[in-house]
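Step one of this worksheet: look at the structure below.
The values are calculated or read from the model by the stated rules, or taken from the named source; none is laboratory data. These numbers were taken from a predicted model, which means no experiment stands behind them. Positions of Cβ are generated from backbone atoms using ideal geometry, with glycine treated the same way; all protein chains shown enter the neighbour counts. Note: areas computed on protein heavy atoms with side chains; ligands, DNA, RNA excluded. Shrake-Rupley method; radii C 1.70, N 1.55, O 1.52, S 1.80 Å.
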Amino acid sequence: MLGYILRRVLATIPVMIIVAIFVFLLLRLTPGDPAAILAGDAATPAQLERIRDRLGLNDPLYVQFLTWAGQTLRGDFGTSLISNTPVSGMIASRLGPTINIAMMTIVISVLLAVPMGVIAAWRHRSWVDFLVMSFSVLGFSVPVFVIGYILIHIFAIDLRWLPVQGYKPLSDGLGPFLARAILPSLTLATIYVALIARMTRASMLEVLGEDYIRTARAKGVRENVVLFRHALRNAAVPILTIIGTGFALLISGVVVTESVFNIPGIGRLTVDAILARDYPVIQAMILLTAGIYVFVNLLVDISYSIFDPRIRY
């Protein structure tokens with residue numbers, strides 16, 4: 001088991017190196033001069049040259065990359081060109097809201113979608129299956145901002161049960177946090193419930209036709225045990241993949257939802273940095289997003305060894 005985990009961890013190293021090189025070259029070859037952004041439109045060529053020297057932009061490309069990579073390995077992502085504050089501090093201040101919303105979304109999605117998918121497969125081609133599949137199609141079809149505005153109109157404007165927008169951290173209390181996090185979480189969960197329920201149903205349909213399921217039923221094993229202990233465990237590998245990918249996508253920043261509900265997350269930080277051409281922030285956000293995807297996929301790969309007995313260490 002330990003050897004399998006170690007091999008998977010080592011396999012992520014070249015992936016992150018390639019991503020780092022790609023991110024660095026992409027921004028360096030993109031049109032636009034960070035020095036001109038810092039100096040403003042009225043800067044003279046001499047002023048621009050001094051700023052480029054200070055930022056190291058006149059150094060050879062490999063020297064710039066090695067300098068940036070060394071700083072990144074120490075956790076130093078540089079300084080924002082716009083706000084002149086450390087990028088790591090900017091990300092840390094924005095990461096909490098995104099993580100909290102993402103975790104709530106995934107918990108809601110899994111608790112609703114997995115039972116829905118199991119029951120839809122169990123009652124294949126019944127009205128229950130039809131309802132679950134109809135909801136899945138609807139969840140994929142309706143834009144997320146439309147769902148958000150509908151929930152705001154119902155629960156915040158008409159019923160006045162919840163605030164319209166804003167975010168409160170957990171340090172302010174569980175009640176204020178939930179009051180402002182439940183609507184964006186439900187908005188995002190609509191999409192992921194549809195996705196996970198659809199995948200659960202498809203995986204369960206494959207498993208429920210296996211011989212060991214018929215054998216378990218012939219032995220008189222209770223149906224709920226057959227469904228959730230035997231069938232769901234063997235159908236869990238693709239479901240875990242979808243859940244892990246969805247969580248990585250949420251952490252990397254759902255820009256539309258954060259904008260609709262005025263949540264100061266890393267999605268909005270990324271958009272603001274792109275519009276302002278704040279290269280250190282953009283580099284850090286792309287690298288962070290890639291790292292999250294690699295880490296989540298690593299966890300999913302490790303979890304395969306628990307749910308899939310065919311994997312050998």
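Report, to the nearest 10°, how far helix 127-141 tilts away from the longest principal axis of the Cα atoms in the chain, using its own Cα long axis and a range of 0 to 90°. Long axis of 127-141 versus the principal axis of the chain: about 10 degrees. Of all accessible surface on segment 63-112 at a 1.4 Å probe, what whole percent is carbon and sulfur? So the carbon and sulfur contribution to the accessible surface is 69 percent.
Per residue, how large is the accessible surface of the chain? Use a 1.4 angstrom probe and give square angstrom.
Numbers: 16880 Å² over 313 residues.
In whole numbers, the chain has 54 Å² accessible per residue.
At a 1.4 Å probe radius, which order do 130, 140 fall into by accessible area, largest first?
Working: 130 140, 140 100 Å².
My answer, sorted largest first, is 130, 140.
Expressed as a rounded percentage, what relative contact order does segment 95-244 have, with Cα pairs under 8 Å and six or more residues apart? It would help to have the intermediate numbers written out before the result.
On the way: 151 pairs, mean separation 51.8, N = 150.
That works out to 35 percent.
These residues, 122, 127, 68, go from largest to smallest accessible area, 1.4 Å probe, as 127, 122, 68. Of the peptides 209-217, 94-102, 113-121, the ranking by mean beta-carbon count within 10 Å, highest at the top, reads 113-121, 94-102, 209-217. Ranking 206, 223, 258 from most to least accessible surface, computed with a 1.4 Å probe over the protein chains only, gives 206, 223, 258. Calculated [222 nm] ellipticity per residue, helices only, for the chain: -24000 deg cm²/dmol; basis is -39500 (n - 2.57) per DSSP H run with n ≥ 4, divided by all residues, nearest 500. In a reduced charge model with +1 at each Lys and Arg Cβ and -1 at each Asp and Glu Cβ, the chain shows a dipole moment near 1060 debye about its Cα centre.
Of all the accessible heavy-atom surface of segment 192-250, with the other protein chains kept in place and a 1.4 Å probe, what percent is carbon and sulfur?
Values: 1640 of 2910 Å².
About 57 percent, which is the carbon plus sulfur part of the accessible surface.
Would you mind classifying the chain by shape? Square roots of the alpha carbon gyration tensor eigenvalues, ordered a ≥ b ≥ c; an a/c under 1.5 is rounded, otherwise it is prolate if a/b is larger than b/c and oblate if not. The partial results should precede the final answer.
Details: a/c = 2.97, a/b = 1.64, b/c = 1.81.
It is oblate, given that a/c is not under 1.5 and a/b is not larger than b/c.
Residue 271 contributes about 50 Å² of solvent-accessible surface, heavy atoms of the protein only, 1.4 Å probe.
Available extension along the chain between residue 27 and residue 218 is 62.5 nm, counting 0.36 nm per residue and deducting the alpha carbon span. With every protein chain in place, what's the accessible area of residue 134 (1.4 Å probe, Å², nearest 10)? For residue 134, the solvent-accessible surface is approximately 50 Å².
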